[in-house]
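What follows is one structure encoded as structure tokens, with my remarks underneath.
The values are calculated or read from the model by the stated rules, or taken from the named source; none is laboratory data. Computed from a prediction, not measured in an experiment: that's the story for all the values here. Note that we place each Cβ from the backbone using ideal geometry, even for glycine, and neighbour counts take in every protein chain shown.
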Amino acid sequence: MLADLLRRGELVVSIYGLGYVGLALAAAWVRAGAKVIGVDIDAAKVERLNSGVVEYLEDDVVEALSTAVKAGKFSATTDGAVASIRSHVKIVAVPVFLKKSPTAIEVDFSALTSAARAIGAGLKSGDLVIVESSVPPGTTEEVVKPVLEGASGLTAEEDFYLAYSPERIMVGHALKDITENYPKVVAGVGPKSAQVAAELYKLVAKKGVIVLGSTKEAEFEKLLEGVYRDVNIALANEMAKLANAMGISFRAAREAANSQPYSHVHKPGSGVGGNCIPVYPYFLMWAAAKYGVELPLTRLARLINERQPEEVAFAVVRAMLKHGVNPSTAKIAVLGLAFRGDVDDTRESPTYGIISTLLRLGIRPEQIVVHDPYVKQDRQLARWGVALLQDLEASVKNADVAVVSTDHSAYRIEVAKITAHMRTPLVIDARGVVKPDPATYSIDLGRWP
């Protein structure tokens, strides 16, 4: 059995997609005793990894993979078929993209099917394929399985095993999420696939394994986690808006409400970013349409959160006008480009929505400076002509307004440390992280422009 190979240190695992998820998975399997082959279409990334250069936010991932490269336990390649031939287990962690238009939602499976074809070209009897990408329910059975069988000439559950096990990580502690923090959810296209995958993951995940009845059920579970958070954040954003209108502290009310065990109200903010929560509701809406089911609550929550960056931008302009600051000449410092605190991931960041709205309202690119201690360069800001800095003091120097868009630890400071360098001491905290003074506009303290 494959679990026995892992116990003996003889299991070879290939991981398709070496992004935030794939590299954390590689580190987890290396630590469990497997030899890992990483597969990615980015030849430059592959070359850097093979030379021992691991670019990742978490030190434990960097250490695990750097050590594994030196020991010959981890290597990377762009040839997915060869990696499939050389491995017993193939884990797919490539992205599934969303295409939205005013009239339709489309799901782009091209990266997933490309990986499946490469795996199928090298698939052998007794191998295990595990899809970990977040996908619409039904994808493993309806999209991946036919491609694997067509490319290999083998039959799932009879000749090879096929399972779905959603990644459940948050960048910043991704490796611990896999190995320590949460149980692993697993499902197979049949009972044998489920058993083989579960036995393997029991040797990786210390919190154990939850086996669901079908891959569709496991795919749905993953999206359910994200939609719960999206709806909850939308509720928080809406209720914070009301609390501010009434001049009361949403933060105090929320903390009191959450002292009751059935209340889990999230925090309001500048919007919802990342490649997960903003996407999962659309995956479910896309799937629901095939069954003739409407999801009005899911859709409305998504719309509320998508509009939130615009609401923040409008608040910035209102605050400037209220304090006699001319928007046409003001310097605006936006604090935070990453979609959440203490990471460098900018995918779907609300900051882009704030800036694009300001530009649409007539603010010129040269009036805006973005600060982020983790993000060193950004193509979208460069296209707009908006400066990106890593020095906080330089970013807010002579600024007329500072907008806190990301909850980086660097912003959990006395507001005076920001305003001391500004021309106009006007701070709008859309994440409720700075230690405010009575003049600070904070989204959750009952004072919002």
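General observations
- Applying the condition of being farther than 19 Å from A174 by Cβ and of a type outside the set (G, A, S) to segment 343-353 and asking which residue is surrounded by the fewest Cβ atoms within 10 Å (Cβ to Cβ) yields Y352.
- Checked against the criteria, D372 counts as in the same structural domain as V312 (by TED's automatic domain parsing), buried (at least 22 other Cβ atoms within 10 Å of the Cβ), under 15 Å from A333 (Cα atoms) and touching a strand residue (DSSP E or B) at 6+ places or on another chain (Cβ under 9 Å).
- Cross-chain or 6+ apart pairs with Cβ under 8 Å, segment 230-252 first and under 19 Å from H264 (Cβ atoms), then surrounded by 15 or more Cβ atoms within 10 Å (Cβ to Cβ) and among the basic types (K, R): D230/R302; I233/K267; A234/R302; A236/R254; A236/K267
- Residue match in segment 432-440 (condition: polar (S, T, N, Q), closer than 25 Å to G172 by Cβ and surrounded by 18 or more Cβ atoms within 10 Å (Cβ to Cβ)): no
- Test result for S356, closer than 22 Å to G271 by Cβ, modelled with pLDDT of 95 or more, surrounded by 18 or more Cβ atoms within 10 Å (Cβ to Cβ) and among the small types (G, A, S): no
- Among the numbered conditions (1) over 21 Å from E225 (Cα atoms); (2) within 18 Å of the chain's Cα centre (by Cα), the only one that S270 does not meet is (1).
This table checks each residue for (1) under 28 Å from S193 (Cα atoms); (2) surrounded by fewer than 24 Cβ atoms within 10 Å (Cβ to Cβ); (3) not hydroxyl-bearing (S, T, Y).
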site: V13; (1), (2), (3): yes, no, yes
site: A34; (1), (2), (3): yes, no, yes
site: E47; (1), (2), (3): no, yes, yes
site: S51; (1), (2), (3): no, yes, no
site: V69; (1), (2), (3): no, yes, yes
site: G72; (1), (2), (3): no, yes, yes
site: D79; (1), (2), (3): yes, yes, yes
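Per-residue answers, yes or no, for (1) among the aliphatic types (A, V, I, L, M); (2) closer than 23 Å to E311 by Cα:
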{"site": "L335", "(1), (2)": "yes, yes"}
{"site": "F339", "(1), (2)": "no, yes"}
{"site": "T346", "(1), (2)": "no, yes"}
{"site": "S356", "(1), (2)": "no, yes"}
{"site": "V369", "(1), (2)": "yes, yes"}
{"site": "R383", "(1), (2)": "no, no"}
{"site": "A410", "(1), (2)": "yes, no"}
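- The requirement of being under 23 Å from M170 (Cα atoms), in the same structural domain as G138 (by TED's automatic domain parsing), free of Cβ contacts under 8 Å to residues at least 24 places away in the same chain and not polar (S, T, N, Q) is fulfilled nowhere in segment 107-120; no residue meets it.
- Residue match in segment 229-243 (condition: in contact with a strand residue (DSSP E or B) (Cβ under 9 Å, 6 or more places away or on another chain) and surrounded by fewer than 16 Cβ atoms within 10 Å (Cβ to Cβ)): no
- Residues within segment 106-144 that are closer than 27 Å to L303 by Cα, buried (at least 17 other Cβ atoms within 10 Å of the Cβ) and touching a strand residue (DSSP E or B) at 6+ places or on another chain (Cβ under 7 Å), tallied: 3
- Yes/no for A83 being surrounded by fewer than 24 Cβ atoms within 10 Å (Cβ to Cβ) and assigned to a helix (DSSP H, G or I): no
- Residue, surrounded by the fewest Cβ atoms within 10 Å (Cβ to Cβ), within segment 149-170, restricted to residues that are closer than 29 Å to K207 by Cβ and hydrophobic (A, V, I, L, M, F, W, C): M170
- Members of segment 86-104 found to be of a type outside the set (D, E, K, R) and exposed (fewer than 15 other Cβ atoms within 10 Å of the Cβ), listed by number: F97, S101, P102, T103, A104
- Qualifying residue in segment 395-405 (condition: crowded, with 21+ Cβ neighbours inside 10 Å and in contact with an Asp or Glu (Cβ under 6 Å, 6 or more places away or on another chain)): yes
- Only a single item in (1) assigned to a helix (DSSP H, G or I); (2) surrounded by fewer than 17 Cβ atoms within 10 Å (Cβ to Cβ) is not met by S259, and it is number (1).
- Criterion: buried (at least 20 other Cβ atoms within 10 Å of the Cβ) and either of a type in the set (S, T, N, Q) or on the phi < 0 side of the Ramachandran plot (or both) - qualifying residue of R299, R340, R318: R340
- Residues of segment 138-168 satisfying the condition of being without any contact (Cβ under 8 Å) to a residue 12 or more places away in the chain and under 21 Å from V107 (Cβ atoms): E142, P146
- Residues of segment 204-224 satisfying the condition of being surrounded by fewer than 16 Cβ atoms within 10 Å (Cβ to Cβ) and either within 21 Å of the chain's Cα centre (by Cα) or farther than 30 Å from R299 by Cβ (or both): K206, K207, G208, L224
- The set of residues in segment 244-255 that are surrounded by fewer than 18 Cβ atoms within 10 Å (Cβ to Cβ) and within 29 Å of the chain's Cα centre (by Cα) comprises A252, A253, E255.
- Residue in segment 54-77 that is under 30 Å from E157 (Cα atoms), part of a loop (DSSP other than H, G, I, E, B) and out of contact with any Lys or Arg (no Cβ under 9 Å at 6 or more places or on another chain) present: no
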